[in-house]
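Comments concern the structure below.
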Amino acid sequence: MRVSTGSASQSDSRMVTVVVEAFGIGRQRQAERRFTVPFAQLQSTMQTIARQGGRITSVEVAGSLPEAPAPAQSPAQAAPAPAPTAPSKPAAVSHAAVPVNLYKPKDPFVGTVTENYSLLAEGAIGRVNHITFDLAGGDPQLHYVEGQSIGIIPDGTDANGKPHKLRLYSIASTRHGDNMGGHTVSLCVRQLQYEKDGETINGVCSTFLCDIEPGAKVKITGPVGKEMLLPDDEEANVIMLATGTGIAPMRAYLRRMFEPAERETNGWTFRGKAWLIMGVPTTPNLLYDADFEHYQSQFPDNFRYTKAISREQKNAKGGRMYIQDRVLENAEEIFTMIEDPKTHVYMCGLRGMEPGIDEAMTAAAAAKGIDWSELRPQLKKADRWHVETY
């Protein structure tokens, strides 16, 4: 199909409107849709539309006359040709450029703890710490991107006299580190505790990390993971569903989006909409709460922060307020965002959160005449549904 460019300049600042039929979910597929995006995002937007079965009827560049609608096309016929002149920015991080397994268990990097402090307020349940490691001096340099994890090998041996196995932890800092120096990594760690035969058992690695002192040496592996990478699109929408220390990658995303030093340094200025729905048992268990409240006050048009505090708030039925209840409450807005091909959803936390979220999404989708069991794999295939639970 042809793209109407008129006399517009070939600058990436141009805005392009893509007119689409048979796109979306449920009843939305019956209506004509229009997506207005920067010229640099044209190709990725058209590819997303084609993958989801939409029929592109015309493409209009601001300042030009609209082109007459093209005949209805099949999804295969609608597959777009490359944008005519300006290079397009990829919709997602190029996986080929993401560092993986720079350091392996047999030859780990030895980092140094620079700080270790509690993230919880008085009266909180359990123990959660923010721990930072210096990565300077590695060959190769241990570097990472937001959404990845590193492995920690705790000191000591197990009951059989063998070295402890590594444990993976989601990274809570941006690629620049908390100090913007480019050679630190931070984790958000909850001490695992459980009862067995009347005895309290402490998790080996989580206790090792929560107890560790600044200056101590730690064996680190990785980084690993490509499931939770942020899209490169500065206009993307990002919905984040987190429980407990599942907030770690979300903190990294939000710092990259809204911290002034990050925005000045990273050459990536987020202009989309970010929505964090955070689940915790009590208010003192909210992690990085002051930072998120600050981002919301500074960027009210770009960031929304919703809390589900299970032991303090009630859901519509009078029961405890869990993250899935917040999803149900905001189902219409969430699905409106999901209908936009620029929206990505990220879920991180205990594996037990998945059934509740899935049930809430199923109910919310059904209210709009949508089959969630069909939509979810479509979102996954389009690299817009990201899950990391443990």
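Considering the conditions (1) within 28 Å of ALA364 (Cα to Cα); (2) part of a loop (DSSP other than H, G, I, E, B), THR245 is excluded by exactly one of them, (2). Screening the candidates LEU241, LEU209 for the property of being over 18 Å from ARG167 (Cα atoms), at pLDDT 95 or above and of a type in the set (A, V, I, L, M, F, W, C) yields one hit, LEU241. Within region 123-158, the set of residues being among the β-branched types (Val, Ile, Thr) and open to solvent by less than 50 Å² (accessible area, probe 1.4 Å) comprises VAL128, ILE131, THR132, VAL145, ILE150, ILE152, ILE153.
For region 101-122, give me the residue count where each residue is open to solvent by 60 Å² or more (accessible area, probe 1.4 Å) and either closer than 12 Å to LEU166 by Cβ or not in a strand (DSSP E or B) (or both). Before the answer, list the steps.
Going residue by residue through region 101-122, those that are open to solvent by 60 Å² or more (accessible area, probe 1.4 Å) are 101, 104-107, 110, 114-115, 117-118, 122.
Keeping just the survivors that are either closer than 12 Å to LEU166 by Cβ or not in a strand (DSSP E or B) (or both) gives 101, 104-106, 122.
Selection size over region 101-122: 5.
The set of residues in region 263-283 being within 16 Å of ASN302 (Cα to Cα) and part of a helix (DSSP H, G or I) consists of ARG263 alone. Confirm whether GLU374 is farther than 20 Å from TYR253 by Cα and open to solvent by 70 Å² or more (accessible area, probe 1.4 Å). Here the answer is yes, as GLU374 does meet what is asked.
Scanning region 353-371 for residues that are under 27 Å from ALA172 (Cα atoms) and open to solvent by 70 Å² or more (accessible area, probe 1.4 Å) returns a single hit, PRO355.
Return the residues of region 123-178 that are in a loop (DSSP other than H, G, I, E, B), under 26 Å from PRO99 (Cα atoms) and charged (D, E, K, R); say none if nothing qualifies. Across region 123-178, the qualifying residues are ASP139, GLU146, ASP155, LYS165, ARG175, ASP178. Any residue in region 343-351 that is open to solvent by 60 Å² or more (accessible area, probe 1.4 Å) and more than 17 Å from the chain's Cα centre (by Cα)? Looking through region 343-351, none of the residues is open to solvent by 60 Å² or more (accessible area, probe 1.4 Å) and more than 17 Å from the chain's Cα centre (by Cα).
Any idea how many residues of region 297-327 are of a type in the set (S, T, N, Q), touching a helix residue (DSSP H, G or I) at 6+ places or on another chain (Cβ under 9 Å) and either open to solvent by 40 Å² or more (accessible area, probe 1.4 Å) or more than 20 Å from THR343 (Cβ to Cβ) (or both)?
The number of residues fulfilling the criteria is 5.
Taking the criterion of being touching a residue at least 12 places away in the same chain (Cβ under 8 Å) and open to solvent by 50 Å² or more (accessible area, probe 1.4 Å), the residues of region 159-178 that qualify are LYS165, LEU166, ARG167, LEU168, ARG175. Just one of the numbered conditions (1) in contact with a Phe, Trp or Tyr (Cβ under 9 Å, 6 or more places away or on another chain); (2) outside any helix (DSSP H, G or I) is not true of ILE334: (2). All told, PRO108 falls short of being under 25 Å from the mean Cα position of the chain (by Cα) and more than 21 Å from LEU287 (Cα to Cα). Take PRO223 and decide whether it is open to solvent by less than 70 Å² (accessible area, probe 1.4 Å), in a loop (DSSP other than H, G, I, E, B), touching a residue at least 24 places away in the same chain (Cβ under 8 Å) and under 25 Å from MET250 (Cα atoms). In short, no.
The values are calculated or read from the model by the stated rules, or taken from the named source; none is laboratory data. Predicted, not measured: the structure shown is a model, and the values here were computed from it. Neighbour counts are summed over all protein chains in view; Cβ atoms, including those assigned to glycine, are modelled from backbone coordinates with ideal geometry. Areas reflect the complete protein model, heavy atoms only, side chains present, ligands, DNA and RNA absent. Shrake-Rupley method; radii C 1.70, N 1.55, O 1.52, S 1.80 Å.
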